[in-house]
Every structure is written in structure tokens, then in C-alpha cells.
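Presented below is the structure to which this report refers.
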Amino acid sequence: MKLANEHRFPGDEEFPPSKPPVRRSKLGGGYIFGLIVAAVIVIYALTGIYQIGPSEDGLVKTFGKYVMTVGPGLHYHFPAPFQSVVKVDVRTVRKIEIGFRTIFPPPNPQYREVPIESLMLTGDSNIVSVEAIIQYIIDDPVKYVFNIIEGDRIVKQTTESFLRERVAVRGLEAVLTSDRDKISQEAQKGIQKTLDTYNAGVHVVNVKLQDVSPPSEVIAAFDDVNSAKEDEQKTINLAQQYANSVIPIARGNAQKILNTAEAYKESRILKAQGEVARFIDVLQKYSLGKDVTRSRLYIETMEDILPTMKKMIVSGSTTGVLKLLNLSSLPEIGGVKR
Amino acid sequence: MKKLIIFAIVVIAALFILSSFFFTVDQAKQAVVLRFGEITRVIKNAGLYTKSPFIDKVVYLEKRIINYDIQPEEIITSDQKRLLIDNYALWRIEDPKLFVESVKTVEGAQMRMDDIVYSYLRDILAKHTLGDIISDKRTAYLQQVTLLTRKALKEFGVYTVDVKIKRADLPQANEQAVYQRMKSDRQKVAAMYRAQGEQQAAQTKAEADKECQIILATAQKRADELKGEGDAKALEIYADAYNRDPEFYRFWRTLQSYKTAIASDTTVILSTDSDYLRFIDKENVKTK
């Protein structure tokens, strides 16, 4: 600011007399000359004004040598060639995509695969496609600007290198399933450590595996394994369904058999009890008068059974003849009575 | 107006002459000062420096780490597998004097680097198997390559920060073989899952059938027991009662069974001698 004031000083001096334009001709070019020189100096001084955006830091250099860092806001530095400023975005989280590129960002995202980056060898000599992102911020802009060139490319290459290394120590199955988180954690650690040895001034916020899948050449075979697993479960479920339906039916049938048997048992006993009760009744009467009861029972029975039968009554003396009767033609000789 | 132009020319000329006495070195750069092609000064720190105008020439060199992506090279591992190695080297100009004297430019240095890194990489990796190279151990191998490269490039004023493998892939032909193997592996696994399903299903069904049979047989057994119990109990009841007068029982029961045993269309031939019909004969009516 001191410098600017010095430069502005002669301008101020010249300013009031420049008001009346009529004087110009008398005083000649002296005023205009001074005015122009002053204006050039002021404009030159003003080129030192610069703005640092809200997410940036400014690195101020004096004769090319870094002297200080300034935060967001309006600042002033001595104009070139005395001072200059390098602006670095230090608060925005940067993102690098490995194995794919976003062509259109969400909400209707479109991605393009980059197989040369995504295809990796696994420890069991299979090939897997790994897509990942790394997010990082510049936590030391001085290092980032003055120690490395193309920081983004170094971060990307380091990430690729570590992802491959971490994938290569595992089998395909583990990469696809259980070890995803471990891979990204180990990679993040290794990347950070390596970048620190480069004094890159980069802080790795996150390494995330996105789509980890078998290569497209073999994906159908992998999908078939999944459908085979489903088939397995389906077959088992069907069998279970069968078991679930058949066993209750068997239980029902078993119960039916048991019930029938139970009923048989009960009815058999009840029938026996009934018959016995009748017999005992009769027996009690019988004991009162045995002959009479016997006769009565006999006669009653005959009354009961004879009416419905076809009968032939023969005299006692002819019984011998009757033994020779043709039994099949018996009804026709029904009339043979005395 | 004339005056102004003259003044401007004077000022510009003065600044130009003044500036020829000075030069600045940026924070990211280093410089060597050449006088008639001979290096007189090496400047490694940024700032403002003076020089003799017109006879001193300043050559600026990069001070930051340079990232050199080396062309992918095919190597053969100790187990005779071919591997496509895509690596990169990070390096910086350590000794500007040596650097300018030997390789002069970044491109010149990188040309040397290509040959040196590749030969070390091939030498070292050729001693190891593919499995080792793609595994954890490659960090150690690369460390070796880095150290050897560092040593070799030192004479060019170059410090090799790191040599890393970005990608280690199989050549195209081998890749196809891997895919074929992966496919057949998966087919085996798929077949195994399906077979397992069938096996377990068959087992489940067989067990269910077995259980059904057991359930029914158990029920049948119990049913037979129950029927037996019923029969026994009934017999016991009958026996208890009938034993009171077996002879009468026989008579009574026989009479009863006539009612059911003899069908209604049975033809009977009755003799008047029978007990029941004897009164049909008049002679028997008389009291004896």
C-alpha cells in the first residue's frame, strides 16, 4: 500500500488544476503529460489487487520466492515483476475415477467403462473388473504447488498402483464379496503413505470401490452361478413344500385310523355290555322258572322266524321218505300235504 | 505528445536495461547460469538474482517431482509367463549442473530412464514368478528397481524418487485363456449348486416319505392294539356273564342266532315230531 500511495501522490497534485479546461492550452502538454504518467502508474499499481475465492488459498511469491499464504477475500500484492500469487483450491474435495468415467453426472448419470484401468489380476490368476474413486483435498498447498507437477496424475497413478496391489493379494471370490472394504482401506493407507513420502501435500479423504464385477467376457457364467444358487434353493424349497404337505396328510390319516380303531373298541365293548345286560336280565327271569322260560323263549323264537319262511310240514311217520326228496324241485311239491 | 512518446521510450529502455541485470527464480524452479556455455552458478533457491547482462544466460530447470509414464513393456517371469508391465517413475533434478552437462533436458533424461528402468525391471522380475510379481512382494522388487535406478541415474544429476507399477496385465492371448478358465470354473460351480439342490431335495422328500410311513405304521399298530383291547374286553365281558350259566347261554344264544342266521326265503321242512309242531298231531294234545 505504501507504494501505491507514493504513486498516487503526484496524481492528486495534478488533479485540481486539471479542472478548468481552458488552462490547458496555456500550460501546454505539461499537465496532460503528468496526468497520463500518473494514470499509467495508478493503473499499474492497481494490477496488484486480486481476489481469493471462498474455497481457495493464495500463495504469494516475491521475485518468485514463496513468502506467505493468504485466505479468501480481496488482497493486494505488489504488481509484477515484484510479486505474484498462485491460487489453489484447498477446500473442494477432488475426485478421480478409476476404471470408469462419468459422461453425464446425476440425476441421469451415464458412465463409460475404461477396461484398461479396471481389469486387474487377482491372486488366484483370475481377472476382475474393479471400478473405484479416490477423493482427496490439498491440505498443504505449498507442497502441492511447489513439490510436484500434475498432482492429479500422481494421485491417480498411485491409486491405480495400490488398488492393483491390494487386489492381487486376494482371490477372486474375496475381491468380489467379503474383502471390498479391506481393499479400499488398505489402498487408502498405502496411497496416503506414499504421497506423504513425495511431500505432495495431499490428504486422501476416501478410497471407495464402486462396481466390482467379473469381466464382461465371463459375466454370463457368473450370472449362471447365481441362478444356479437360486435353482438350488428353489429345488430345496419345492422338496420342503412336498414334505410340508405330505406329512400333515399322513398325520391326518393316522388320526383317522386311530379314531376308527378307537370307535371299534368302544362299540365292541358297548355291544358286549348291551348283550350281556340283556342276557343277565333273561338269566334272572330264567332262574325263577327254568322250564317255563325255556319253552317260552323257544316258542317266541319260532314265532319270530317262521312267518317269513317257506315251510313244509310233514308228519312224523313220513320223515324217512322225505330224505329222498329232490331238494331243487321242492317248492313244486309244496302242496304235498296231508 | 512527442515528449510523452520519448519519455515512454526512455522509461521502457531503462527498464529493459535494468532488467537485464536481474533475474528471478521461481519457487518451483532452479537455475544454472551459463557464461559462454560454461556453468558459472547453480541456483537452487527461489528469489531475485543479479547477472551480467548479455553474457550470462540463465537456464531454468524444474525443481518439482516429475512424473514420467514409461511405455508398457512385456517381460517374462521365472515361470515362463508373459506379463505386460506399465510403470511410471517419479524423479527430480537433484544436481542441475550435472543434469545440464549430461542430459540437458527433461526429455533427454527420460530417454535414459526408459532404458535403465526397463533393464532393471526385466532383470529383477525375471527372477520371480508371476504370482510373486503381482502380489505384495512386488513392493520389495520395485524398491530394488528404484534403488538401482537411483544409483544409475545419479550421474545425470537425477534423483529417482520412486518406480511403481501402474498396471501388470496379461498379454491379450493369455487373457483369453484366463477367461476360458474362469468360465469353466464357474460352470463347474453352477453345476455343483444345482446338484446339491437336487441331492438335498431328494433327501428331504425321502425323509418326508419315510416319516409318513412311520406315522401311518405307528397309527396302524396303535389301531390294532386298540381293536385288540376292544375284542379282549368284550370277550371278558361275555365270558364273565355267560359263565354264570353256560348251558342256558348256549340255548339262549342259539335261539337268537336263528333269527339272524336263517334267511327269510329259506324253506324248512318241519316234522310234526318236532317240539314246536307236535301239537299239530291231535294225539299229542292230550295231557299225558
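Kindly evaluate A:A263 against the criterion of being under 30 Å from B:E229 (Cα atoms), part of a helix (DSSP H, G or I) and at the interface with another protein chain (Cβ under 7 Å from one of its Cβ atoms). Before you say what the answer is, go through the steps one by one.
Details: under 30 Å from B:E229 (Cα atoms): yes; part of a helix (DSSP H, G or I): yes; at the interface with another protein chain (Cβ under 7 Å from one of its Cβ atoms): no.
No, not satisfied.
Every residue, every condition in (1) at the interface with chain B (Cβ under 7 Å from one of its Cβ atoms); (2) in a helix (DSSP H, G or I); (3) of a type in the set (F, W, Y); (4) in contact with a strand residue (DSSP E or B) (Cβ under 6 Å, 6 or more places away or on another chain), yes or no:
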site: A:K208; (1), (2), (3), (4): no, no, no, yes
site: A:A221; (1), (2), (3), (4): yes, yes, no, no
site: A:D231; (1), (2), (3), (4): yes, yes, no, no
site: A:I236; (1), (2), (3), (4): yes, yes, no, no
site: A:S245; (1), (2), (3), (4): no, yes, no, no
site: A:I257; (1), (2), (3), (4): yes, yes, no, no
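Which is surrounded by 17 or more Cβ atoms within 10 Å (Cβ to Cβ), free of Cβ contacts under 8 Å to residues at least 40 places away in the same chain and over 22 Å from A:L238 (Cβ atoms), of B:A239, B:A217, B:A223?
Details: B:A239 fails: surrounded by 17 or more Cβ atoms within 10 Å (Cβ to Cβ); B:A217 fails: surrounded by 17 or more Cβ atoms within 10 Å (Cβ to Cβ).
Going through B:A239, B:A217, B:A223 in turn, the sole match is B:A223.
Identify, by number, the condition in (1) modelled with pLDDT of 50 or more; (2) out of contact with any Leu (no Cβ under 6 Å at 6 or more places or on another chain) that A:L324 doesn't meet.
Only one criterion in (1) modelled with pLDDT of 50 or more; (2) out of contact with any Leu (no Cβ under 6 Å at 6 or more places or on another chain) is unmet by A:L324, namely (1).
Would you pick out the residues in segment A:74-98 that are within 46 Å of the chain's Cα centre (by Cα) and free of Cβ contacts under 8 Å to residues at least 40 places away in the same chain?
Within segment A:74-98, A:K87, A:E97 qualify.
From the list B:A173, B:A219, exactly one residue is out of contact with any Phe, Trp or Tyr (no Cβ under 6 Å at 6 or more places or on another chain) and at the interface with chain A (Cβ under 7 Å from one of its Cβ atoms). Which is it? Let's see the steps before the verdict.
On the way: B:A173 fails: at the interface with chain A (Cβ under 7 Å from one of its Cβ atoms).
Going through B:A173, B:A219 in turn, just one is out of contact with any Phe, Trp or Tyr (no Cβ under 6 Å at 6 or more places or on another chain) and at the interface with chain A (Cβ under 7 Å from one of its Cβ atoms): B:A219.
Read through the list (1) among the hydrophobic types (A, V, I, L, M, F, W, C); (2) in contact (Cβ under 8 Å) with a residue 60 or more places away in the chain; (3) not assigned by TED's automatic domain parsing to the domain that holds B:V161, then give the number of the only condition that B:I85 fails.
(3)
Exactly one condition in (1) closer than 22 Å to A:K182 by Cβ; (2) away from every other protein chain (no Cβ under 12 Å); (3) free of Cβ contacts under 8 Å to residues at least 60 places away in the same chain is not met by A:T122; state its number.
Just one mismatch for A:T122, condition (2).
Is one or more of the residues making up segment A:185-196 within 36 Å of the chain's Cα centre (by Cα) and at the interface with chain B (Cβ under 8 Å from one of its Cβ atoms)?
yes
Just the residues that are touching a Leu at 6+ places or on another chain (Cβ under 7 Å) and over 14 Å from A:E275 (Cα atoms), please, taken from segment B:235-254.
B:R244, B:D245, B:F248, listed by residue number.
Of the residues A:M312, A:M302, only one is within 7 Å of another protein chain (Cβ to nearest Cβ) and outside any helix (DSSP H, G or I); which?
On the way: A:M302 fails: outside any helix (DSSP H, G or I).
One residue alone meets the criteria, A:M312.
Please go through (1) touching a Lys or Arg at 6+ places or on another chain (Cβ under 8 Å); (2) closer than 30 Å to A:S161 by Cα; (3) at pLDDT 90 or above for A:P54 and return the number of the only condition it doesn't satisfy.
A:P54 satisfies all of (1) touching a Lys or Arg at 6+ places or on another chain (Cβ under 8 Å); (2) closer than 30 Å to A:S161 by Cα; (3) at pLDDT 90 or above except (2).
Enumerate the pairs (first residue in segment B:174-192 and closer than 17 Å to A:E230 by Cβ and not assigned by TED's automatic domain parsing to the domain that holds B:K81; second residue anywhere and in a helix (DSSP H, G or I) and of a type outside the set (V, I, T)) with beta-carbon separation below 7 Å, excluding pairs fewer than 6 apart on the same chain, so at least 6 apart or on different chains.
Between residues of segment B:174-192 that are closer than 17 Å to A:E230 by Cβ and not assigned by TED's automatic domain parsing to the domain that holds B:K81 and residues that are in a helix (DSSP H, G or I) and of a type outside the set (V, I, T), the close pairs are B:R186/A:A221; B:R186/A:F222; B:R186/A:D224; B:Q187/A:A221; B:A190/A:D224; B:A190/A:A228.
Per-residue answers, yes or no, for (1) surrounded by 14 or more Cβ atoms within 10 Å (Cβ to Cβ); (2) of a type in the set (A, V, I, L, M, F, W, C); (3) more than 30 Å from B:Q176 (Cβ to Cβ):
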{"site": "A:S178", "(1), (2), (3)": "no, no, no"}
{"site": "A:A200", "(1), (2), (3)": "yes, yes, yes"}
{"site": "A:H203", "(1), (2), (3)": "yes, no, yes"}
{"site": "A:V207", "(1), (2), (3)": "yes, yes, yes"}
{"site": "A:P214", "(1), (2), (3)": "yes, no, no"}
{"site": "A:V218", "(1), (2), (3)": "yes, yes, no"}
{"site": "A:A221", "(1), (2), (3)": "yes, yes, no"}
{"site": "A:D231", "(1), (2), (3)": "yes, no, no"}
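Quick one: what pairs do we get from segment B:9-29, first residue at the interface with chain A (Cβ under 9 Å from one of its Cβ atoms), second assigned to a helix (DSSP H, G or I), C-beta under 6 Å, 6+ apart or different chains?
Every condition considered, the pairs that remain are B:Q27/A:F146; B:A28/A:F146.
B:T260: out of contact with any His (no Cβ under 8 Å at 6 or more places or on another chain), facing chain A (nearest Cβ under 7 Å) and among the polar types (S, T, N, Q), yes or no?
On the way: out of contact with any His (no Cβ under 8 Å at 6 or more places or on another chain): yes; facing chain A (nearest Cβ under 7 Å): no; among the polar types (S, T, N, Q): yes.
No, not satisfied.
Being farther than 20 Å from B:K127 by Cβ and either away from every other protein chain (no Cβ under 12 Å) or buried (at least 17 other Cβ atoms within 10 Å of the Cβ) (or both) is the filter here; which residues of segment B:71-82 pass it?
Step one: filter segment B:71-82 for residues farther than 20 Å from B:K127 by Cβ, giving B:71-72.
Passing the criteria: only B:Q71.
If I filter segment B:16-27 for residues that are at pLDDT 90 or above, surrounded by 18 or more Cβ atoms within 10 Å (Cβ to Cβ) and aliphatic (A, V, I, L, M), do I get at least one hit?
Yes: segment B:16-27 contains one or more residues that are at pLDDT 90 or above, surrounded by 18 or more Cβ atoms within 10 Å (Cβ to Cβ) and aliphatic (A, V, I, L, M).
So, A:I103, is that one within 12 Å of chain B (Cβ to nearest Cβ), hydrophobic (A, V, I, L, M, F, W, C) and exposed (fewer than 15 other Cβ atoms within 10 Å of the Cβ) or not?
No.
Being at the interface with another protein chain (Cβ under 8 Å from one of its Cβ atoms) and among the hydroxyl-bearing types (S, T, Y) is the filter here, so list the residues in segment A:125-158 that pass it.
A:S125, A:T158 - these are the residues of segment A:125-158 that are at the interface with another protein chain (Cβ under 8 Å from one of its Cβ atoms) and among the hydroxyl-bearing types (S, T, Y).
Restricting attention to segment B:196-205, does a residue exist that is in contact with a Phe, Trp or Tyr (Cβ under 7 Å, 6 or more places away or on another chain) and either among the hydrophobic types (A, V, I, L, M, F, W, C) or without any contact (Cβ under 8 Å) to a residue 40 or more places away in the chain (or both)?
So the first thing to find is which residues in segment B:196-205 are in contact with a Phe, Trp or Tyr (Cβ under 7 Å, 6 or more places away or on another chain), and the list is B:205.
Subset that is either among the hydrophobic types (A, V, I, L, M, F, W, C) or without any contact (Cβ under 8 Å) to a residue 40 or more places away in the chain (or both): B:205.
Scanning segment B:196-205 turns up at least one residue that is in contact with a Phe, Trp or Tyr (Cβ under 7 Å, 6 or more places away or on another chain) and either among the hydrophobic types (A, V, I, L, M, F, W, C) or without any contact (Cβ under 8 Å) to a residue 40 or more places away in the chain (or both).
Considering only segment B:263-279, how many residues are more than 7 Å from every other protein chain (Cβ to nearest Cβ) and surrounded by 15 or more Cβ atoms within 10 Å (Cβ to Cβ)?
Residues in segment B:263-279 being more than 7 Å from every other protein chain (Cβ to nearest Cβ) and surrounded by 15 or more Cβ atoms within 10 Å (Cβ to Cβ): 0 in total.
The values are calculated or read from the model by the stated rules, or taken from the named source; none is laboratory data. Please read these numbers as outputs of a predicted model, since none were measured by experiment. Reconstructed Cβ throughout: ideal geometry from the backbone, glycine too, with neighbour counts over all protein chains shown.
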